[in-house]
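Inspection log for the structure reproduced underneath, given as structure tokens.
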């Protein structure tokens, strides 16, 4: 041992492994969140995904005043002023009722009798097989093309 460090001599309880919190689901969680964000953006399309519109403002202090950031919101005067001409404002009408509602589709499930084929179906094995097929698709296509090329010779 070098230096004046403590010799590693862990004092663990018998079942310390049960108390360890792992983060192996972190990359999958990241992917799931990203896909959920994309789905939400598609669902509420014309609206901005980052919430309500906010003004662009400059930071306050000497350190940040050359940078722009999103502000808290618009003042009533700013909203009233807007960038519309009086003619456009005269033509404007309030939309009645729901417009662009976010609709949560309920999945339609129907009850069916279990068949022996359904009982014997192994979903995990099927997913693994399809994942393997997808992974090897390019190599298999290349091999098939080479075999076809060899046949022509």
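What the table shows:
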| read-out | value |
| --- | --- |
| Residues listed by number, the stretch 8-37, amide nitrogen under 16 Å from residue 127 label point at 7 Å toward C-beta | 25-33 |
| 23 Å tail of the calculated P(r), the chain, as % of Cα pairs | 78 percent |
| Net lengthening on full extension, residue 69/residue 148 (0.36 nm per residue, minus Cα-Cα) | 22.5 nm |
| 15 Å reach of a label modelled at residue 37, 7 Å along Cα-to-Cβ, counting backbone N of the stretch 46-76 | 48-51 |
| Principal-axis tilt of helix 26-43 within the chain, Cα atoms, nearest 10 degrees | 40 degrees |
| Acute angle (nearest 10 degrees) that the helix 123-152 long axis makes with the longest principal axis of the chain, alpha-carbon atoms | 80 degrees |
| Computed [θ] at 222 nm, deg cm²/dmol, the chain (DSSP H ≥ 4; -39,500 (n - 2.57); rounded to nearest 500) | -13500 deg cm²/dmol |
| Modelled FRET efficiency - R0 30 Å, residue 79 with residue 102, Cβ distances, 0.05 increments | 0.80 |
| For the stretch 20-91, convex hull of alpha carbons as volume per residue, Å³ | 189 Å³ |
| Euclidean distance of C-alpha centroids, the stretch 1-44 and the stretch 79-93, integer Å | 53 Å |
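Quick note: the coordinates plus some simple rules give every number you see, no bench work behind them. Just so we're clear, the structure is a prediction, and the values are computed from it rather than from any experiment. Positions of Cβ are generated from backbone atoms using ideal geometry, with glycine treated the same way; all protein chains shown enter the neighbour counts.
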